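The numbers here are math on the coordinates, done by the rules we state, and not lab data. Predicted model, so just to flag it, every value in this text is computed and none were measured. Cβ sites come from the backbone with ideal geometry, for glycine too, and all protein chains shown count toward neighbours.
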Amino acid sequence: MYRTNTCGELRAAAKGQTVTLAGWVQKARKFGGMIFVDLRDRYGITQLVFNQEINAELCDRAAKLGREWVIQVTGVVEERSNKNPNLPTGDIEIIVSQLNVLNASETPPFTIEEETDGGDDLRMKYRYLDLRRANVRANLELRHRMAFATRSYLNDRRFMEIETPVLISSTPEGARDFVVPSRVHPGEFYALPQSPQLFKQLLMVSGFDRYFQIVKCFRDEDLRADRQPEFTQIDCEMSFVQQEDILSIFEGLTKHLFQIVKGIELPDFPRLSYADAMRLYGSDKPDTRFGMTFVEIKDLTEGKNFGVFDSAEYVGAICAPGCAAYTRKQLDELTDFVKRPQIGAKGLVYVRYEADGSLKSSVDKFYSPEDLQRWMDRAGAKPGDLLLVLCGETEKTQKQLSELRLEMGARLGLRDKNQFQCLWVVDFPLLEYDEELKRYFAKHHPFTSPKPEDIPLLDTDPGAVRANAYDLVINGSEVGGGSIRIHDSGLQKKMFQVLGFSEEQAQAQFGFLMNAFQYGAPPHGGIAFGLDRFVSIMAGLDSIRDCIAFPKNNSGKDMMIDAPSTIAQEQLDELHLSIRNV
Ligand code: ASP
């Protein structure tokens, strides 16, 4: 037997017991004639004591132990005279009588403790060492608990976990595919799934009724902060359901996870239409931990010879509570913030509602105090508040105002990681028009059903068609999304037409789906949650990387195994590939 106990479990009640522990040397300190070693395993840290007076030979051997050596020790549990209240095992220590070195270790490249001196790149390169740190490990433990609780919740509701293939052909979810060359079929390629979308729909045609899978998905997207080319979804699909059934089951799952993981009972989730989300927050994933919703004041600004507002399609404001005392410098910072190229506003107008009730603005030349008071009244502002105004083309300006709102929320400390606000955003538009390519794209994916009452609009005003689609948003992040699907081959054909597919293209890419729909497809719908994002929100992490055991870095590389990498010419030949221009 390697050990009788783990390094995390011994307490004062075990006093006098002889135990055997095994683990890694986190730290060794000499103190007079004694050597103290912090022994670490997955479960915790236990203090070992080697005493020169009791066993000099043993103590000499202990003096040679280095950081991260793997050892096995036997000794007696003693109550500590100097207790450590920060450690669950802090009341005891082990007076060691036997030491067995199981493996020596090189000096690790960074300190393997909660506080580490290792930079990001170094820790990624030695991820297996980084994973020994308790705080990193805790994220993976949380992830495991969430995945486990998800399986149990769905299993209790008769969902079946079914695996779908990883080597498939392209599924259009709006990103690029990763492709895999085929050795046995020269010139042909598999694609890695962006999601199991088509397979889960086919499983519904097969009659499985309720499916889920915790599954890796792959999207070759341009690199953006906090994106991983491979990520995990909790992917689900149900038959004979309407939107309401799906929202209810998966609101239940979300509440269940919060209950289990955080011990929080969440109230019912509010629902917000896409149109309202855009109008009030300028975002389809609003952070509702704080208010500061948009107020439109275009009508109140007109006719005062302020050309900038007069010529703008939209004039919108947010009211930052208690910020009237912002200094010139702070206001300049905000102006610079909205003028950054990523945000792209031309400028920022402000109105200070001073504590004495007077109003001071950056547009005093054009607007009288009475004019400004009307803006303030509409915004529900109080003395001490600051009104921030942006203008321009409606959609663009709403997006800019959304960024400003989030920035103000952060500055005012209103985006507390320990607070959770969930909501459903519903009634998304079915289609999105791409001005450059002059064609419609599916906002969710091409299998999403239009709202039945909007189907006639597909011919006359496709942009106005609303979808039976919904997103779960938590603290301003899209954690899940799904839709009721089209299950009628005629309507699916029509959808491909609207999306600009020729009959042949649609047949070549999705013939199997439309065929399947001719053999009794039940009404169905589903949803997928991004597990990585969900875990990182629960754990209060800044990056999804921190809850993935072996993540890629921000440029999509695995620094540890050095992927992607070149391959040998023979391998290329075998795959019938040649490399140009590299
Ligand atoms: N396949 C979709 C996605 O990955 C989710 C769904 O519609 O169920 O976003």
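Counting only lysines at least 8 places from Lys64 when in the same chain, those with an alpha carbon closer than 25 Å to its own are Lys27, Lys30.
Exposure proxy shown here: for Asp488, Asp356, Asp287, the number of other Cβ atoms within 10 Å sets the order, fewest to most, as Asp356, Asp488, Asp287.
Please compute the net charge surrounding Ile94, taking Lys and Arg as +1 and Asp and Glu as -1 over other residues with Cβ under 14 Å from its Cβ.
Working: positive: Arg3, Arg11, Lys15, Arg40, Arg80; negative: Glu9, Asp38, Asp41, Glu78, Glu79, Asp91, Glu93.
That sum, taken over residues with Cβ under 14 Å, equals -2.
Residue separation of Leu572 and Glu9 scaled by 0.36 nm, minus their Cα-Cα distance, works out to 197.4 nm of gained length.
Extension gain, Asp356 to Asp120, is 79.9 nm, computed as 0.36 nm per intervening residue step minus the present C-alpha separation. Of all lysines in the structure, those lying under 26 Å Cα to Cα from Lys557, and not within fewer than 8 positions of it along the same chain, are Lys125, Lys216.
What separates the Cα centres of region 456-487 and region 1-53 is a distance of 57 Å.
The slack between Thr111 and Arg137, meaning 0.36 nm per residue of separation minus the straight C-alpha distance, is 7.8 nm. Only the Cβ atoms of Lys and Arg (+1) and of Asp and Glu (-1) were treated as charged; on that basis the dipole of region 469-520 about its Cα centre amounts to roughly 120 debye. Ranked by the mean number of other Cβ atoms within 10 Å of their residues, highest first, the peptides 502-510, 62-70 come out as 62-70, 502-510.
Counting alpha carbon pairs within less than 8 Å and at least 6 residues apart, what relative contact order, in whole percent, applies to the chain? List each step's numbers first, then the result.
Working: 1092 pairs, mean separation 75.2, N = 582.
For the chain, the relative contact order is 13 percent.
Can you figure out the FRET efficiency of Arg158 with Asp416, using R₀ = 41 Å and their beta-carbon distance, to the nearest 0.05? Don't skip to the answer; put the middle values down first.
Values: r = 37 Å, r/R0 = 0.91.
Approximately 0.65, to the nearest 0.05.
All other residues with a Cβ under 14 Å from the Cβ of Ser239 taken together, and with Lys, Arg as +1 and Asp, Glu as -1, what is their net charge?
So the surrounding residues net to +2.
Tally Lys/Arg at +1 and Asp/Glu at -1 over every other residue whose Cβ is under 11 Å from the Cβ of Arg415; what's the total?
On the way: positive: Arg289, Arg405, Arg411, Lys417; negative: Asp287, Glu407, Asp416.
Summing Lys and Arg as +1 and Asp and Glu as -1 gives +1.
Here each label is just a point 7 Å from Cα along the line to Cβ, and for Met1 and Gln497 those points are 7.5 nm apart.
Quick check for me: using +1 on Lys/Arg Cβ and -1 on Asp/Glu Cβ, what's the dipole size of the chain about its Cα centre, in debye to the nearest 20? Can you show the working numbers first?
Numbers: 70 positive and 84 negative charges, 269 e Å.
Dipole magnitude for the chain comes out near 1300 debye.
When only Cα pairs below 8 angstrom with a gap of at least 6 residues are kept, region 32-149 shows a relative contact order of 21 percent.
With a Förster radius of 41 Å applied to the beta-carbon distance between Asp461 and Asn581, the computed FRET efficiency rounds to 0.35. Over the residues of the chain, the helix contribution to mean residue ellipticity at 222 nm works out to -8500 deg cm²/dmol, using -39500 (n - 2.57) for each DSSP H run of at least 4.
For the pair region 61-132 / region 168-197, the C-alpha centres are spaced 46 Å from each other.
Nearest 0.05, what FRET efficiency do Asp434 and Ala63 give at R0 = 56 Å with Cβ-Cβ as r? Intermediate results must be reported in sequence, preceding the final value.
Values: r = 70 Å, r/R0 = 1.24.
The computed FRET efficiency comes out at 0.20.
Residue pairs exceeding 28 angstrom between C-alpha atoms, taken from Lys417/Lys443; Lys298/Lys339; Lys396/Lys438; Lys15/Lys262: Lys417/Lys443; Lys15/Lys262. With no solvent and one point on each alpha carbon, what is the Debye value of log10 I(q)/I(0) for region 193-253 at q = 0.13, 0.28 Å⁻¹? With no solvent term, the Cα-only Debye profile gives -0.44, -1.14. The calculated Kirkwood hydrodynamic radius for region 491-580 is 18.4 Å, given to one decimal from all distinct C-alpha pairs.
Find how many whole Å separate the alpha carbon centroid of region 260-289 from the alpha carbon centroid of region 350-380. Result: 31 Å between the Cα centres. Protection proxy ranking for 460-473, 85-98, using the average of other Cβ atoms within 10 Å per residue and placing the highest first: 460-473, 85-98.
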